[in-house]
Structure formats: structure tokens, C-alpha cells
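For reference, the structure discussed in these notes is given below.
The values are calculated or read from the model by the stated rules, or taken from the named source; none is laboratory data. Note that the structure is predicted; figures quoted are calculated from it, not measured. Please note: Cβ atoms are built from the backbone with ideal geometry, for glycine as well, and neighbour counts cover all protein chains shown. Remember, those area values only see protein heavy atoms, side chains included, never the ligands or the DNA or RNA. Shrake-Rupley method; radii C 1.70, N 1.55, O 1.52, S 1.80 Å.
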Amino acid sequence: MHGAGVSGLLVTHPADVRYLSGFTGSSAALAVSRRAARLFTDGRYRTQAAEEVTAAKVEIVSGPPAVAAAQWLSAQPGIENAGFDPQWTTVAELARWKAGLASKLRRRFLVPLETSLVETLRLVKDEEELGIMREAALLGSKLFDHIVGFIRPGIREVDVAAELEHQARVLGAEGMSFETIVASGERSALPHGRATGARLPRRGFLTLDFGVILKGYCSDMTRTVYLGKPKRNERSAYEAVLEAQLAGVDAVGSGVSCGAVDEAARGVLRQAGLAEAFSHSTGHGVGLEIHEPPRIGAGQTNTLHPGMVVTIEPGVYLAGQFGIRIEDMVVVTRTGGEVLTPSPKALIEL
Ligand code: ZN
Ligand code: ZN
């Protein structure tokens, strides 16, 4: 806060509020001064907030929590201004917060932060967080093992998604970390093909991209399996994606730029003549949110540090033919990277 030139901080993004205070409810704002922190929420969360929040005083309010939080900050001695994260603030919200302040404070008191302070803290996971994320990734892999035994030609993509999501709940997931992707046959060429009523073919790729939420933390994995016997060009495309994925994982290390990791994977696909078919970034950070910094993309100069968790997920997508993606979660360590997703990656033929 000192470095950002603010003496107060108004935190409203739920993942940030949770990270700092432990509060898991959906409606809250956290006000932080140099001396104290106070969590504002509404009456629905009275009991929950008392249980979850120990490091901040809790105040139950009847109006919008963030308005109360901004008012509280403005009334604290020694607070000249309060930073907020413009990424997570709508124009309407900011207007409402300002309207709640004394008129002489409306112009300058609330300051948009250039870098998100809490998001920066969240980038590096501590041992406790890594333990949870390891468990979440393991649960994802268990689900993959289960679903491989369920997949057969003729059932619908939604049947696969439903079975996966049902098992996730049964095995302890709080929910899915994003809408489950089940894309079969030609539909596997859609990088984000959500499960439809389409029936699994006798012959073709099937891409499964899914994740669970465990104790608030997200997992994310992709495997592409084959129904029947792959043709030679399909097998060689799979081998190229696998080689790119392994190169990406290998490149992960402390001090390495995100762009260099992207290039490690992308270079392999370029060599294989598939550069055009790889139409997205190599990966992304994951944690309390399914997509968080850093982005593992071309030209990204920010560097990896021990404790960051990123995905490595190159893919190729050939419209009208097929698509393939392989994705693991990798934690950056002092000596390189450790894959959290234990599922095998050699092509599974069903
Ligand atoms: Zn994914
Ligand atoms: Zn992902």
C-alpha cells in the first residue's frame, strides 16, 4: 500500500476478500488501513462471517457493503486516500461508492490501483495452498480415471459431463471450477466446446477439459482420448501436442519468463507445421480463480517464481477435422516445475 501511494485499501473482489480475510460469502467488502481491517457484509452472513473471519472486525450493514467500507475508510484518522482495483469495479459501483462519501472527498479519495495489490500476493501460493491444490489436482485425475471407464460410442457428450460432475460431488468437490468441456469428433476442434447432445462417434478424438473446486481452490486439466483406432495423421498430431506439452512443462522454472515457456511449447508445434492450428496461449495461472495471472503467452516478459501454479495446455485445432489438447497444472519450484496432475498422457485408445 505504501508503494502504491495509498493509506487505505478497499477490497471488493470476492476471491481477494477471501484470500485476505477467510470470508467465503458472496457479498462483502474489506477495508484495510495501516492499523486495522474491517469486513463489511449483510445480515445473511452474520453467523458465517463470525465463524470465518478472525483477523478483521466484522460489521453487518443494511446497504451495499462497499459503500460502508469506503465511508469507514474515509472516517479513519490518517487515511488520505483508498486504493481500489479497477479491474473488478464497474463504473456504476464507483459512482455509488463516491456518492456515499462527503462531497469534498468525492474527487480524490478513491484511487484506482495501477497493479492489483491482492492479486500480486495471490500469485505465489504458500504450503497450505499448495497442499489444497495438490489435492484438487489429484481429485481431477481420479475423475479422469473414472470417466475413461464410462466413455463409449453412442452416449452423449452431456452424459459424460453429467457423470463426471456427479462423481466430482460424490468425491468431495464443492463444485466444478468452470463449465465442463466434452468435445467429440469434429467438435474437438472447438477449443471451448461445451458438452452438447452430440453422440460420441465410433472413431475420433474426445477432449475432456474440467476442474473441481476444493476448499475454494480450482483444479484444471485436459486429456484427449481416442475412440477407436487413430489414423496416422491423427496420431502424429497427438504426438506433436504431447511433445509440445512436455517441452512447456520442462521450460517451467524460477526466473523463467512466461513468454519463454510459451515459446518452448509453441516452437515444437511450429516445427511440426502446426503453428497456425495452435490458436491460444500455452497456459494461465490458477488458484482461487480458474484463470488468474500470470498468463503463459507469446511475448509475456513477467517471470515465474517458486510457489506460482500455472497450467501448460498447448493444443491444435483443425476445423472440420479434429482437435487435441493436453493440460496439466504445474507448480514452480526452486529447481524447476512439479506437475500436480498425475494422469498419464500417452494416447488412450478406447
Ligand atoms: Zn482446462
Ligand atoms: Zn486451463
Formal net charge of residues neighbouring I79 (Cβ-Cβ distance under 10 Å; K, R +1; D, E -1): +1
The stretch 50-152: relative contact order in percent, alpha carbon pairs under 8 Å with at least 6 residues between: 23
Springs between alpha-carbon atoms under 10 Å, Gaussian network over the chain: tell me which of G273, G323, G283 tops the mean-square fluctuations. G273
Excluding residues fewer than 8 positions from K104 in its own chain, the aspartates and glutamates with Cα under 13 Å of it are E80
Carbon + sulfur, % of accessible area of the stretch 127-339 - ligands and nucleic acids excluded, 1.4 Å: 51
Taking the Cβ of V332 as the center, what net charge do the other residues with Cβ under 10 Å away carry, scoring Lys and Arg +1 and Asp and Glu -1? +1
Suppose only helical runs count, i.e. DSSP H with n ≥ 4. What mean residue ellipticity at 222 nm does that imply for the chain under -39500 (n - 2.57) per run, divided by all residues and rounded to the nearest 500 deg cm²/dmol? -10000 deg cm²/dmol
If you take the beta carbon distance between H146 and R46 as r and set R0 to 51 Å, what does 1/(1 + (r/R0)^6) give as a FRET efficiency, to the nearest 0.05? 0.80
Where in the stretch 156-190 is the amide nitrogen less than 12 Å from a point lying 7 Å along the Cα-to-Cβ axis of R199? 156-157
Relative compactness, the chain, computed as alpha-carbon Rg over 2.2 N^0.38 Å: 1.12
What order do you get for 237-246, 41-50 when each peptide is scored by the mean count of other beta carbon atoms within 10 Å, highest first? 237-246, 41-50
Protein-only accessible surface order, largest first, of H280, H305, H13 at 1.4 Å: H305, H280, H13
May I ask you to derive the relative contact order of the chain, considering only C-alpha pairs under 8 Å and at least 6 residues apart, and to give it as an integer percent? 14
Among the lysines, select those whose C-alpha is under 19 Å from the C-alpha of K231, and discard any that sit fewer than 8 residues away in the same chain. K345
If DNA, RNA and ligands are ignored and the probe is 1.4 Å, what is the ranking of S7, S254 by accessible area, most exposed first? S254, S7
The stretch 202-215 - phi-based ³J(HN,Hα) in whole Hz, Karplus 6.51/-1.76/1.60, Gly and Pro as x: 6, 9, x, 6, 9, 9, 10, 10, 7, x, 10, 10, 10, 6
Enter the accessible area per residue of the chain (Å², integer; probe 1.4 Å; all protein chains in place). 45
Segment E59-A162, length gained on full extension (0.36 nm per residue, minus Cα span): 33.0 nm
